[in-house]
Amino acid sequence: MASSLVDILIIGAKPTGLMLGCQLSLYPNISFRIIDKNSTCTTQSRAIAVHSRSLELLGQLNIAEKAISAASISRSTFA
Ligand SMILES: Cc1cc2nc3c(=O)[nH]c(=O)nc-3n(C[C@H](O)[C@H](O)[C@H](O)COP(=O)(O)OP(=O)(O)OC[C@H]3O[C@@H](n4cnc5c(N)ncnc54)[C@H](O)[C@@H]3O)c2cc1C
């Protein structure tokens, strides 16, 4: 059985917590666990748009291009 002791406990398995987990996975010497008060996955998505900073973080994980290729690109012009 895996030890219940971890270096970092992340509360919340939504964008912030999951991205922190992805980032921490780059450091194998740091153990972490993600927990959430909800026991099931959400059936709703709030991801209508991905902001540029989010893309930068996805880029650090080398998955930005994959995310962009799976997305619908929307262009708008501001007056
Ligand atoms: C209608 C709507 C549309 C949106 N559209 C976009 C969009 O298009 N693009 C975009 O970038 N952003 C969008 N957002 C914003 C985006 O959803 C939030 O910025 C994002 O969800 C924040 O993620 P988070 O992980 O910080 O928090 P949350 O998504 O709020 O997740 C927090 C998690 O922590 C858990 N939790 C909280 N307290 C505890 C506790 N005490 N113990 C255990 N678990 C706990 C909760 O169950 C939850 O799963 C939208 C938001 C809304 C409401």
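Derivation of every value follows stated rules applied to the coordinates shown; laboratory data play no part. None of these values were measured; they are calculated from a predicted model. Neighbour counts run over all protein chains shown; Cβ positions are idealised from the backbone, glycine included.
Compactness of the range 35-74 was expressed as the Cα radius of gyration divided by 2.2 N^0.38 Å, which yields 1.43.
Quick one: what do you get for the chain if you divide its Cα Rg by 2.2 N^0.38 Å? Display every interim value, and only then the final one.
Values: Rg = 15.9 Å, N = 79, 2.2 N^0.38 = 11.6 Å.
Rg over 2.2 N^0.38 Å, computed on Cα atoms: 1.37.
Shape class for the range 1-44, computed from the alpha carbon gyration tensor (a ≥ b ≥ c): oblate, with a/c not under 1.5 and a/b at or below b/c.
With charges set only on the Cβ (+1 for Lys and Arg, -1 for Asp and Glu), what does the dipole of the chain come to about its Cα centre, in debye to the nearest 20? Walk me through the numbers before you get to the answer.
Numbers: 7 positive and 4 negative charges, 47 e Å.
For the chain, the charge dipole is close to 220 debye.
Relative to the longest principal axis of the Cα atoms of the chain, the long axis of helix 15-24 makes an angle of roughly 60 degrees.
Under the definition of Cα pairs under 8 Å and six or more residues apart, what whole-number percent is the relative contact order of the chain?
Values: 45 pairs, mean separation 19.7, N = 79.
Result for the chain is 25 percent.
Model label sites at GLN23 and LYS66, defined 7 Å from Cα along the beta-carbon direction, differ in position by 2.0 nm. Under the simplified labelling scheme, the HIS51-ALA13 pair shows an inter-label distance of 2.5 nm, with each label point 7 Å from Cα along Cα→Cβ. Note that the range 43-55 has calculated 3J(HN,Hα) couplings of 9, 10, 10, 9, 8, 7, 10, 10, 6, 4, 5, 5, 5 Hz, one per residue in order, obtained from phi through the Karplus relation 6.51 cos²θ - 1.76 cosθ + 1.60 (θ = phi - 60°); glycine and proline are x.
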